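Notes follow once the structure below has been shown.
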Amino acid sequence: MSGGPDPDRPGVELPGQEVESVDIFLPVAGMPVNVFVIMGLGGTVGLLSGLFGVGGGFLLTPLLMMIGIPPAVAVASDTNQIVAASVSGTLAHSRQGNVDFKLGFIILAGGLLGGSYGTILVNFLRGIGNFEFAVRVAYVVMLLGVGSFMFYESLGALRKKGPADERRPGAVGRFLERLPMQMYFEVARLNCSVITLFGLGFLIGILAALMGVGGGFIMLPVMIYLIGMPTHVAVGTSIFTVIFTAMNVTIAQGIVNHTVDVILALLLLIGSAVGAQVGAKIGRRLRGEQLRIIFSLVVLGVMVKILRDLLAVPGSLIVLGGGH
Amino acid sequence: MRRLAGLLAGALFWLGWCGPALAQGLRVELQPDEVRVGLTFRGQQVQVTGRVPEGSDLYVRVSSSPGSTVSLNRKGHIGPLWMNVEHVWVEGMPRLYQVFTSAPLARLTPELEERVGIDADFRQVEARARVWQREAGRRVPLAADRADEYKRALTDIYLKRGLYAVHEGAVRIEPDGRFAFTLPVPRNVPQSDLEVEAYAVKDGVLVDAGRATLQVRSVGVVGWARRQAAANGVFYGIVSVVIALVSGLAVAMTFQALDRLLARRPVEARGAVRAHTAGQ
């Protein structure tokens, strides 16, 4: 991170001071940044995107803020680069036959409707007060639950002998199998009710709006454990749906907040699109159980990070607003 | 209409902020008088020169427009957890404010400090700012003591970023009254014109004043992106998405081509070995 601009460093070049030729000025953020630092950050997040089908905003936004990007610009530009990473990742996964487009579109339709209702719900809950507190605590509990469950389940599956990626459906799974409007999904190789998929998409949309995140962390466990999709297909299909949610949010940010920095997004997306390809290649070499166990560790890591932010005494009690 | 009213209020505020009622005979020259912010901008040095009445000290204030509104969050703890517990807006504080002097600021009397809007710890800037929060959809001004805390915090943020600074003794004055100093325009300069206001003080009395405007212009891609982001949100949002889609596709296709190339190479190599063996 040493090459990145430090927000606490007086921003002027003094006579005789060596010029960093890889700096570029960001128009909307209003500051110069080191090209390679930004592309490196994008590459790291793209790798996660390709591996697990998540957007990676949870990680990139705070990192961008750490190098001095204003919070509102970090959030909006980060979403823009997710579009590129998810397109790149989707193509890589579709070449490997890991994207169930039909299933993805149904979840997406539910997700868009859920996102709209979620926004209304956010306004309602904000009126009650302590909204942010409730959401953060709920998020930590949810990540802890999902992460721990996936970790132990995958660990158990790795220890067992037998065909990989085969799990018996639980009580919820058996209930979902009995719902009407069943449809066969060729790529995922499963029968599932359209109502289930739309409903789950709706739920993910609401949660995504409440948590202020893309929903990849919620979507992947839901696809694997509730719908019963093979892990690799869940990753590929999840990243496909992320394209549309990220597009939607980018345009909304452009219209409402005017905070998308196209140059910042371009630098990030060059890194992230490459990272997503590499991530998809690494993921192909891993078994479903291995992929799930790494994902669960990332989920638990994010949970610890959020918990630490909540518990640590802040350096300054008054800070610039505009972020998550 | 609301935006127009806001602009008018901002302009009136700006006029009120700028300059005491005094004959502005002091000539201030900037070299260059325009800063062009493009993709390679990393800050710039501007030479400020002029002439003051003999025996005078010079106090210069460089500030951006105080028209912008900044939002601040206060963190507090609920149980053991630290959260944002209050959200306020500060308006009327310029994002850049720098002072250059030829003499210690302690020589300015409190009356003069207030008149020229210059002091050592930015109290004059803070005094002109307002802090408010929203309650039931309405703007409610904060009580003075709580507002002061937010203003001080914002000053500290700007100080850390090098946007606020006091350069005591940075101005050189020759015996004939000619003065000169270097204004270091920071790389994170706000994208609005900077007002350079100079005050000549002799024996504790303001004897002359003058001002110049340093134009800060966004040029090239930076200018285009700033204009589009501010004025054409829909178009700009769509362009951003299209760029992302095309870039993602291009990288994916490049990797696909690379994969094909790498997959073909061992086959070709095996074919060459076979042909060579057959020829023997």
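Coordinate-derived values only; no laboratory data. Quantities reported herein were computed from a predicted structural model and do not represent experimental measurements. All Cβ positions, even for glycine, are placed from backbone atoms using ideal geometry, and neighbour counts span all protein chains on display.
Summarising the amide proton neighbourhood of B:V28: residues at separation of 5 or more, or on other chains, whose placed amide H is nearer than 5 Å comprise B:R211. Would you calculate a helix-derived [θ] at 222 nm for chain B, using -39,500 (n - 2.57) for each DSSP H run of n ≥ 4 and dividing by the full residue count, to the nearest 500? Helix-only estimate at 222 nm: -12500 deg cm²/dmol. The modelled label-to-label distance between A:Q96 and A:I255, using points 7 Å beyond Cα along the C-beta direction, is 3.6 nm. If R0 is 22 Å, the Cβ-Cβ spacing of B:V205 and B:E168 corresponds to a FRET efficiency of close to 0.60.
Ellipsoid fit via the Cα gyration tensor, segment B:173-240: semi-axes of 41, 13, 8 Å, each the root of five times an eigenvalue, largest first.
Would you mind calculating the gained length between A:L113 and A:Q182 on full extension (0.36 nm times residue separation, minus the Cα-Cα distance), in nm to one decimal?
Stretched out fully, the A:L113 to A:Q182 stretch lengthens by 22.7 nm.
Put the Cα centre of segment B:36-94 next to the Cα centre of segment A:214-257 and the gap is 40 Å.
Could you tell me the calculated FRET efficiency between A:I195 and A:L121, based on Cβ-Cβ distance and R0 = 25 angstrom, to the nearest 0.05? Numbers along the way, then the final one.
Numbers: r = 21 Å, r/R0 = 0.85.
Between A:I195 and A:L121 the formula returns 0.70.
Could you tell me the convex hull volume per residue, in Å³, taken over the Cα atoms of segment A:30-310? All intermediate terms of the calculation are to be shown ahead of the outcome.
Values: hull volume 35.7 nm³, N = 281.
That works out to 127 Å³ per residue.
Over all projection directions, the Cα-based convex hull of chain B averages an area of 27.3 nm². When the Cα gyration tensor is reduced to axis lengths a ≥ b ≥ c, the ratio a/c is 1.5 or higher for segment A:57-117, and with a/b not above b/c it is classed as oblate. Note: relative contact order over chain B, using C-alpha pairs below 8 Å and six or more positions apart, is 26 percent.
Taking a point 7 Å from the Cα of B:D193 along the Cα-to-Cβ direction, the residues of segment B:213-238 with backbone N closer than 15 Å to it are B:213-218. A Förster radius of 41 Å, combined with the Cβ-Cβ distance separating B:V85 from A:R159, puts the computed FRET efficiency at roughly 0.30. When you restrict to C-alpha pairs under 8 Å that are six or more residues apart and normalise by the size of segment A:30-310, the relative contact order lands at 44 percent. Projecting label points 7 angstrom from Cα along Cα→Cβ for B:E34 and A:A138 puts them 5.4 nm apart. For the pair A:F175/A:R284, report the inter-label distance in nm, with labels modelled 7 Å from Cα in the Cβ direction. Placing both labels 7 Å along Cα→Cβ, they lie 4.0 nm apart.
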